[in-house]
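Read the structure below first, then the notes.
The values are calculated or read from the model by the stated rules, or taken from the named source; none is laboratory data. For clarity, every value in this text was computed on a predicted model and none was experimentally measured. Cβ: placed from backbone, ideal geometry, glycine included. Neighbour counts: every protein chain shown.
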Amino acid sequence: MSGRRLALPALLVLALAWLPKAALATDDCRQLSATGNPEYPPYLWRDPQNPQQLIGANADLLQHVAKALGLVVDVVYVGPWSRAQEEVNTGRVDLLAGYFRTNARALVTDFISPPFLYTSSVAWVRKGEGFTYHDWSDLKGRRGGTLVNNSHGQAFDDYARAQLNLEAVPSASQAFQKLLLGRSDYVLFERYPGLALARTLDKDQALDILDPPISSEGLYLALSRKSGCNVPALREQLARKVAELVAGPLPGQLVEQNLRRWQRQQAESAR
C-alpha cells in the first residue's frame, strides 16, 4: 500500500517537470520560417516587390493556418528548389510550404496530413515534336529532364530510377531551356507552374503537354525533423487546422486568386 502511495506523487513530479518544457517549446515557437519552390506559380514564386519573400497559394494557405493558431510564419526565398529542401532538411528553416510525400523525404521531415492541394505533373515537349504517349513506358529510351531533388510521387520516382533516362538541373527555367535547345526530349514538371513559367519565358507557343499526366500528388506542409519547434503539439495543431481548411473551398479559391495575381504581375512587367 505504501508503495502505491509513493508511486502517484512520483508520477506527478515527473509530469510537472515535463509540462514547463513542453509549454516553453510552444512559447518559443510562435514565429516560424518556411520556404519552398520559388518557380512554382500559382503555388509559390518570388514577390516582385520583395524578392526575399515567397508569395502564392501555398504561402497564403500557410498564413491562414498560422493566424488561426496564433503563429507568425515568414515565407522566405533561400535559393532554388534543391537549396530550399536542404535548408529545411538541416533545420535552418522550419517548414516546407508544398512538398510531395516520398519515403526518403519522410525520413527528414514530418508531413502534416492531409495534403492541402493536389497537383498534376506532366511531360512537356517541343511543339510539333511530341510522341505517342499513353503511359510511363512511352518515356523509355528518350532523354528526359527534371529538377534536382524533385519528386512526382513515390510510385513514379521508383519507376523513373529503374527505367528512365532523366537529367536533373537546379531550376525549371534551365530544364525548359534545355528542352527548347533540343538537348532533351521532354521535361517533367507540374501543369500550372509549367504554363506560368512558359509564359514568363515567352515560350508558351513553343511547348506542348502530353496527356495523361504522369501523376497527381498531394501537396503537404512538411516540418523539419531538425527544427527546434517540431513537437507533437505543433504537428497536431497544424494537422487539425489544415483538415478544417481543406474541407471547405478555400484552397481552390487561393489557387484561382493567385493565378490571377500572377497574370496581373506578368502583364504589369511587360508594360
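Would you check if residue 125 is at negative phi, touching a helix residue (DSSP H, G or I) at 6+ places or on another chain (Cβ under 6 Å) and either among the small types (Gly, Ala, Ser) or touching a residue at least 40 places away in the same chain (Cβ under 8 Å) (or both)? Judged against the criteria, residue 125 is not a match. Looking across segment 77-95, the residues that are surrounded by 18 or more Cβ atoms within 10 Å (Cβ to Cβ) and not in a helix (DSSP H, G or I) come down to 77, 78, 80, 93, 94, 95.
Every test in (1) in the same structural domain as residue 107 (by TED's automatic domain parsing); (2) within 22 Å of the chain's Cα centre (by Cα) is passed by residue 264 save one, and that test is (2). Test residue 174 against the criterion of being without any contact (Cβ under 8 Å) to a residue 60 or more places away in the chain and either surrounded by fewer than 18 Cβ atoms within 10 Å (Cβ to Cβ) or part of a loop (DSSP other than H, G, I, E, B) (or both), and give yes or no. Yes, satisfied.
Under the condition of being touching a strand residue (DSSP E or B) at 6+ places or on another chain (Cβ under 8 Å) and either modelled with pLDDT under 95 or assigned to a helix (DSSP H, G or I) (or both), the residues counted in segment 1-32 number 1. Taking first residues from segment 131-154 that are acidic (Asp, Glu) and partners that are assigned to a loop (DSSP other than H, G, I, E, B), the Cβ contacts under 9 Å between residues at least 6 apart in sequence or on separate chains come to 138/131; 138/132. State whether the residues of segment 153-160 include one that is in a loop (DSSP other than H, G, I, E, B), under 26 Å from residue 65 (Cβ atoms) and in contact with a Phe, Trp or Tyr (Cβ under 7 Å, 6 or more places away or on another chain). Yes, because at least one residue in segment 153-160 is in a loop (DSSP other than H, G, I, E, B), under 26 Å from residue 65 (Cβ atoms) and in contact with a Phe, Trp or Tyr (Cβ under 7 Å, 6 or more places away or on another chain). Looking only at residues in segment 112-164 that are in contact with a Gly (Cβ under 9 Å, 6 or more places away or on another chain), surrounded by 17 or more Cβ atoms within 10 Å (Cβ to Cβ) and not small (Gly, Ala, Ser), the one that is farthest from residue 82 (Cα to Cα) is 126. Among the residues of segment 54-108, those that are under 25 Å from residue 156 (Cβ atoms), touching an Asp or Glu at 6+ places or on another chain (Cβ under 9 Å) and aromatic (Phe, Trp, Tyr) comprise 81, 100. Where helices (runs of 4 or more DSSP H) fall entirely within segment 184-271, those with at least 1 residues that are at pLDDT 95 or above and crowded, with 17+ Cβ neighbours inside 10 Å are at 232-246, 250-269.
Evaluated against (1) within 30 Å of residue 111 (Cβ to Cβ); (2) of a type in the set (D, E, K, R); (3) without any contact (Cβ under 8 Å) to a residue 60 or more places away in the chain, residue 261 falls short on exactly one condition, (3).
Among the residues of segment 160-170, at least one is charged (D, E, K, R) and outside the structural domain of residue 56 (by TED's automatic domain parsing). Inspect all residues belonging to segment 33-46 and state whether any of them is closer than 21 Å to residue 146 by Cβ, at pLDDT 95 or above and surrounded by fewer than 18 Cβ atoms within 10 Å (Cβ to Cβ). Scanning segment 33-46 turns up no residue that is closer than 21 Å to residue 146 by Cβ, at pLDDT 95 or above and surrounded by fewer than 18 Cβ atoms within 10 Å (Cβ to Cβ). When residue 185 is tested against the conditions (1) of a type outside the set (Ser, Thr, Tyr); (2) within 26 Å of residue 155 (Cα to Cα); (3) not assigned by TED's automatic domain parsing to the domain that holds residue 150, the lone failure is (3).
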